[in-house]
Amino acid sequence: MTHDHDLVLRPTPAQTEAALNPPPGRNGGDLVVETLAGLGATTVFGLPGQHALGMFDALRRSDLRYVGLRVENNAGFAADAYGRITGEAAPLLLSTGPGALTSLAALQEAAAASAPVLAISSQVPTAGLGGGRHGYLHELPDQAASFRGVVKSVHTVRTPSQIPSAIEAAWTSALSAPHGPVWVEIPQDVLLAETAIPVVTGGDAFPEELPPRPELTAVAADLLSKAARPAIIAGGGVVRADASKKLRQLAETLQAPVVTTPGGKGAFPWTHPLSLQSWIEDRHTTDFLEDADVLLVVGSGLGELSSNYHTFKPRGRIVQIEADLGKLESNHPALGIHADARLALQALLETVSEREDPTAPERVRATLAKVAERIAAQELTVEQEVLASVRKALPGDSPSFWDMTILAYWAWSAFDAKGPNHMHSAQGAGGLGYAFPAALGAAVADPTRPVLAVSGDGGALYSIAELATARQYGLNVTWLIVDDGGYGILREYMTDAFGEATATELSRPDFVALAESFGVPGVRTTPENLERDLAKQLASPGPSVVLLPAVLRMFAATHLD
C-alpha cells in the first residue's frame, strides 16, 4: 500500500547532474538568492552593508531584479507596497545593526497593515552571536530581540545548510493569513562561506489556509438572516483577501449597508445604494452602526480609527471575522470567527437566507446627507475642492499612497478609491515618510500605471533622498507635496488642546528646485490649477513633483462632542 506521504518527487537526470556538479565559487549568499528565486521572487529591495556583501554579491549571479533605495526604512516601505500590490512576499535585503534597526518603523507599518515583507538581514560573524561582546562592528547583544515584537516570526541561521529551509519557513509565515513581515538573519561568515550544497532549484512553501469553523458561520448566518437592521464594517482584511466581490454579493443578499474603514478603502463600491462610504469617523455613521441589531465586522479589529476613537458603543450583536487571532473580541464582545475573510464570506454566502429591505438604501442616503450637511456647515470648500481635484486627475485604476498629512486624513473619509487595493496609507502604524517610497515600490510592481504619492512638507523630508531612486530607475511616480510650513495636523491638535502649537513649524527647502536638482521635473501649483497640473505630470513618464503651497484644515472631530 502506498500513502501520499510516501510519494517522493524524483530528480530528473539533468537535476541529478546539476546537484552532483554545482558551479564553483558559490557561497551562502548564493543560497539566499537561489532560494528566493526558487520560491518565485523576481524583485528584491534593500541597501547593502559590510556584513551583507556576500548576499549582495550573489545578486550579480542571479536573475533577480534589485531595487536599491537610499534609506533602509524607505526600502522597507517600498517592499511593503510591492507586497500589497502583488500579494507576493517582498524580499528586503539589509545589513547588520544600524541598517537593520533603521527598517523597524517600516516593518511596524507592514505588521499593522498585514503586508508580506520578507526581511533578510546579515548578522555579525557566528562567534559573536549570543551577546558575547566581541566588539564586532554593528554588534548587538541580541539583534533579533529588536524585531520579535514587530514581525510575525524570526528565523536565525547558523550554517549554510539552514538557509533554504529558514527562508522557506519565513516565506510561508509571511504569506499565511494574516499576511505580515518576517525576519531572517544570517551571520556574515555564513554568507561568505563557500558551499558545495547543490543549487536550490525550487521551493515548497505553501501558505496555510485559514478556513472558518462551520459551527460559527452557521450561527452567524442565522443571526444575519433574521436581523431587522444588519450592517457591515469592511476592513483591510477584505482587501488583502481579495474578497471584495464576495462582500458585495453578501451585502446585496442581506440588504445590509456597508461602511469601509481607512484600511478597507475600495472594498465596496463608493456609489452603491448600500454604501455608507468611509465616513467612519462621523457621529452620524457611528449612530447608524450602533443602531444595527446585527453588525458584521469583516477584516477589522475595530481599533481606534475604525471605532470613531473608541466612542462606538454597539447595542446589537457583533459577528467579527478576523484572520489575526489577537484582534478577535479585543475591543467588543462578539461571535468571533478566526478566518480568512474570503473563506468566511464564502461560507456565509452558502448559508445565509436572502433578505428584503426596501428601507436600507433610503437609510443610507439619509445618513450620507447628514454627513454632507455637517461638513458643509464648516466652510471647508478649499479642502474638498483639493481632494476632488486629486480624484479627477488620478486615473481610476492607478494606486495612490498617502502619508500622515491633513489631506490624507480627509481621504480616509472622503476619497473614492475606485476599487480595492488602490488606496494605501500609513494609518496602520501612523509613521511619517511612507507615501513616496511606498509609491516607488508600487511602480516597480506595476510599471504600466502611473502612481500617486501624497505628502505634507514634514513627511516629505523623511523620504526626499528617494528622489534619487526614482530618477535612477525611471519610476512612474508623481509626488504631490502639500506645503503648509510645518506638521499641519500636529499644529491643529496642539492648538485645539493647548491654545498654541510648539515644535510644529519647519524651515523647508524649495521643493521644486530640489526635485530639479535630482533631475526630476517639478511644478508649483495652486488649488485652482491642481487638477490640470497633477493630471499632466501623471500622464508624463518617469518621476515628477507637484508642489501645492496651502494650509488645509481638518473637519471637526465628532468623537470629542
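Count the lysine pairs in the chain whose Cα atoms lie under 27 Å apart, taking only pairs 8 or more positions apart in sequence or on different chains.
26
Out of all DSSP beta bridges with both ends in the range 411-561, state the antiparallel percent to the nearest 5.
Percent antiparallel among DSSP bridges in the range 411-561 is about 5.
Within 10 Å of each candidate Cβ there may be at most 13 other Cβ atoms; applying that plus a DSSP loop requirement, which GluC sites (Glu not before Pro) in the range 164-262 survive?
Those that pass, being in a loop and sparsely packed, are Glu208, Glu209.
How about the range 463-521: which GluC sites (Glu not before Pro) there are in a DSSP loop, with at most 11 other Cβ atoms within 10 Å of their Cβ?
Sparse-neighbourhood loop GluC sites (Glu not before Pro): Glu500.
Indicate, rounded to the nearest 5 percent, the antiparallel portion of the DSSP beta bridges found entirely in the chain.
5 percent
Taking the Cα centre of each part, how many Å lie between the range 154-189 and the range 27-72?
Distance between centres, Cα-based: 14 Å.
What relative contact order, as a whole-number percentage, does the chain give when Cα pairs under 8 Å and 6 or more residues apart are counted?
Relative contact order for the chain comes out at 13 percent.
Asn27's amide H: which non-local residues (gap 5+, or another chain) put their own amide H closer than 5 Å, with H modeled 1.01 Å from N in plane and none for Pro or chain starts?
Excluding prolines and chain starts, which carry no amide H, the hits are Thr195.
Ranked from the most accessible area to the least, with a 1.4 Å probe and all protein chains present, what is the order of Arg148, Arg355?
From most exposed to least exposed: Arg148, Arg355.
When only Cα pairs under 8 Å and 6 or more residues apart are kept, what is the percent relative contact order across the range 72-212?
It rounds to 25 percent for the range 72-212.
Write down the Kirkwood hydrodynamic radius of the range 405-561, to one decimal in angstroms, obtained as one divided by the mean of 1/r over all alpha carbon pairs.
When all Cα pairs of the range 405-561 are included, the Kirkwood radius is 16.2 Å.
Kindly provide the trypsin sites (Lys or Arg not before Pro) of the range 282-321 that DSSP labels as loop, not H, G, I, E or B, and whose Cβ sees at most 14 other Cβ atoms within 10 Å.
Taking the range 282-321 and a limit of 14 other Cβ atoms within 10 Å, the loop trypsin sites (Lys or Arg not before Pro) found are Arg315.
Counting Lys +1, Arg +1, Asp -1, Glu -1, what net charge surrounds Glu500 among other residues with beta carbon under 15 Å of its beta carbon?
Local charge sum for Glu500: -2.
Counting only helical runs of four or more DSSP H residues, what would the 222 nm mean residue ellipticity of the chain come to if each run contributes -39,500 (n - 2.57) and the total is spread over all its residues?
Counting only the DSSP helices, I get -11000 deg cm²/dmol.
May I ask which residue of Val364, Leu380, Pro333 lies farthest towards the positive end of the charge dipole of the range 326-389, with charges of +1 (Lys, Arg) and -1 (Asp, Glu) on Cβ and the Cα centre as origin?
Pro333
Charges on Cβ only, +1 for Lys and Arg, -1 for Asp and Glu, centred on the Cα centroid of the range 453-515; of Tyr487, Ser455, Ser507, which one is farthest towards the dipole's positive end?
Selected residue: Ser455.
Is there a quick way to get the dipole size of the chain? I mean about its Cα centre, with the Cβ of Lys and Arg at +1 and of Asp and Glu at -1; what is the value in debye to the nearest 20?
380 debye
Please report the accessible area of Arg229 (heavy atoms, 1.4 Å probe, ligands and nucleic acids excluded) in Å², nearest 10.
Rounded to the nearest 10, that gives 90 Å².
Quick one: putting +1 on the C-beta of Lys and Arg, -1 on the C-beta of Asp and Glu, what dipole do you get for the range 44-86 around its Cα centre, in Debye to the nearest 20?
Computed about the Cα centre, the dipole is about 100 debye.
Mind jotting down the three principal axis lengths of the chain based on Cα atoms? Whole angstrom, largest first.
Computed over the Cα atoms, the extents are 73, 71, 44 Å.
I'd like the carbon and sulfur percentage of the solvent accessible area for the chain, probe radius 1.4 Å, heavy atoms only, ligands and nucleic acids excluded.
Answer for the chain is 53 percent, counting heavy atoms of protein chains only.
Determine the per residue accessible area of the chain with all protein chains present and a 1.4 angstrom probe, expressed in square angstrom.
Roughly 40 Å² per residue, with all protein chains present.
The values are calculated or read from the model by the stated rules, or taken from the named source; none is laboratory data. What you are looking at is a predicted structure, and each value in this text was computed from that prediction instead of being measured. Neighbour counts are summed over all protein chains in view; Cβ atoms, including those assigned to glycine, are modelled from backbone coordinates with ideal geometry. Calculation scope for accessible area: heavy atoms of the full protein, side chains included, ligands and nucleic acids excluded. Shrake-Rupley method; radii C 1.70, N 1.55, O 1.52, S 1.80 Å.
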